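All remarks here apply to the structure that follows.
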């Protein structure tokens, strides 16, 4: 399941805070946000405004672009498609049908000029 933006931002904030050995209370006081609300933002329950994020980032001495990049990377990591290969078969072992030695390579595919014309001509 994909991570929501508010969850990714919250996780990035929590990692930044704990890496700096700061408590929720310290950051909430410096950012001028309630401790409960900051906790909800970190847990991904609440979505913070850009002004609030800027204030929290300033309290943590983290740039807002760095925070957003971290959140985007977390989201991208959960959204990347994964190739499923049968057990015992490695990617390099995949072969083109009819060829025992050729490795799989991209092949160009051409579509009919007009799919509608092809359907009506067949009828």
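Gain in length, residue 26 to residue 79, computed as 0.36 nm per residue apart minus the alpha-carbon separation, to one decimal in nm?
On the way: separation 53, 0.36 × 53 = 19.08 nm, distance 3.39 nm.
Full-extension gain reported as 15.7 nm.
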Quiz item: How do 36-42, 69-75 rank on mean C-beta neighbours within 10 Å, highest first?
Solution: 36-42, 69-75
Exercise. Take the Cα coordinates of segment 5-79, assign each an equal point scatterer, and use the Debye formula without solvent to give log10 I(q)/I(0) at q = 0.11, 0.21 Å⁻¹.
Key: -0.22, -0.83
Quiz item: Sorted from fewest to most neighbouring beta carbons within 10 Å, what does the list 28, 63 look like?
Solution: 63, 28
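With a Förster radius of 30 Å, plug the Cβ-Cβ distance of residue 46 and residue 15 into 1/(1 + (r/R0)^6) and report the FRET value to the nearest 0.05. Please list the in-between numbers first.
Working: r = 18 Å, r/R0 = 0.59.
Step by step, r from the Cβ atoms, then E = 0.95.
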Practice problem: For segment 5-79, calculate the relative contact order in percent as a whole number, restricting contacts to Cα pairs under 8 Å that are 6 or more residues apart. | Solution: 44 percent
Quiz item: What is the order of 67, 53, 4, 13, fewest Cβ neighbours within 10 Å to most?
Solution: 4, 53, 67, 13
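Values in this text are rule-based calculations from the coordinates and carry no lab data. Small disclaimer: the values here were computed from a predicted structure and weren't measured. Note that we place each Cβ from the backbone using ideal geometry, even for glycine, and neighbour counts take in every protein chain shown.
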